[in-house]
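Below: one structure, written as structure tokens.
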Amino acid sequence: RLEHSIERIENNEPMPKIPFSEPAKELWNQMAESIEREITDDQRYCHTPGHASKLMENVSRVAAVVHIFENENYYEPIQEDKLFFAYELCCHYSSHYMEYIAGQPKIVRLANDLVETIRRTITPQVKGWGLQEYVFTRSYIRNHANRELRNQKKLDQAIHLVTRLGHIKQSSANRFHLVFSDHLDGFIATHPELRNGEHYYVNELPLYDPHARTLGDIKTGNVVRDGNY
């Protein structure tokens, strides 16, 4: 296949175009919109819009490479599974770029400061399965955190990110209380919207474990093995 591609270049022949399937096109648009949202103020890519703007182009290329080398008839449309794999792979290496080259995003620094403040100033409550939970309010954090987190907007942004990573949830006992846990096992009802170490890397939190069991898994008796139920 590589030789055939070289022949086309040498003979000035046009390269064949490999389309996405219709479901893959819809998924591509959802992924692109998700990345666009992360370019806004105090989000992951707010200081690296150039990197973010090229990300879906790279995802598409990786999806095409995987598709070509894993399908006998590679002129068929690229399917969702190949696109999703490419997205996960590119997000993983994007996180490396963000950590080692671009520098830590402000929102990640705020999230790290929030988690450090919670652990440093609050005594955890021990729940079932040995789970430790920290109960707090926004006003408490503003009184005990560094100067930046005393700003309501920045505090809300940090809480929002840690919530998306699955480590903060609303208290069921008091609407003014929030609950933090270091681990996801038995803490949240579903798997988190974002996975630490892949989409973001908040180093005060553990890396996402695909084997972690949510409350939903425990209630239904699902067991995770090798990332699958």
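A few notes on this one:
- Residues that are under 21 Å from ARG37 (Cβ atoms), open to solvent by less than 50 Å² (accessible area, probe 1.4 Å) and in a loop (DSSP other than H, G, I, E, B), drawn from the range 183-197: PRO192, LEU194, GLY197
- Taking the range 58-102 as the range and being free of Cβ contacts under 8 Å to residues at least 24 places away in the same chain and within 29 Å of ALA158 (Cα to Cα) as the test, the residues that pass are PHE85, TYR93, HIS96, TYR100, ILE101.
- Qualifying residue in the range 44-52 (condition: among the charged types (D, E, K, R) and open to solvent by 80 Å² or more (accessible area, probe 1.4 Å)): no
- Picking from residues in the range 58-90 that are touching a strand residue (DSSP E or B) at 6+ places or on another chain (Cβ under 6 Å) and assigned to a helix (DSSP H, G or I), the one that is nearest to LEU2 (Cα to Cα) is HIS67.
- Residue match in the range 47-57 (condition: over 30 Å from ASN151 (Cα atoms), in a helix (DSSP H, G or I) and touching a Lys or Arg at 6+ places or on another chain (Cβ under 9 Å)): no
- Of the numbered criteria (1) assigned to a helix (DSSP H, G or I); (2) under 21 Å from the mean Cα position of the chain (by Cα), the one GLN104 fails is (1).
- Members of the range 13-53 that are basic (Lys, Arg) and under 30 Å from ASP156 (Cβ atoms): ARG37, ARG44
- Tallying residues that are farther than 27 Å from PHE84 by Cβ and among the hydroxyl-bearing types (Ser, Thr, Tyr) within the range 168-222 yields 3.
- Filter result for PRO105 (open to solvent by less than 80 Å² (accessible area, probe 1.4 Å) and without any contact (Cβ under 8 Å) to a residue 12 or more places away in the chain): no
- For first residues located in the range 142-163 and over 19 Å from LEU194 (Cβ atoms), partners that are open to solvent by less than 60 Å² (accessible area, probe 1.4 Å) and acidic (Asp, Glu) and lie 6+ apart or on another chain with Cβ distances below 9 Å form the pairs ALA145/ASP113; ASN146/ASP113; GLU148/ASP113; LEU149/ASP113; LYS153/ASP42.
- Of residues in the range 1-43 being more than 23 Å from GLU80 (Cβ to Cβ), in a loop (DSSP other than H, G, I, E, B) and open to solvent by 100 Å² or more (accessible area, probe 1.4 Å), the one modelled with the lowest pLDDT: ASP41
- Matching residues in the range 123-182 - criterion: being open to solvent by 80 Å² or more (accessible area, probe 1.4 Å) and small (Gly, Ala, Ser): SER172, ALA173
The values are calculated or read from the model by the stated rules, or taken from the named source; none is laboratory data. Small disclaimer: the values here were computed from a predicted structure and weren't measured. Heads up, the Cβs are rebuilt from the backbone with ideal geometry, glycines too, and the neighbour counts pull from every protein chain shown. These accessible areas exclude ligands, DNA and RNA; they are computed on the full protein's heavy atoms, side chains included. Shrake-Rupley method; radii C 1.70, N 1.55, O 1.52, S 1.80 Å.
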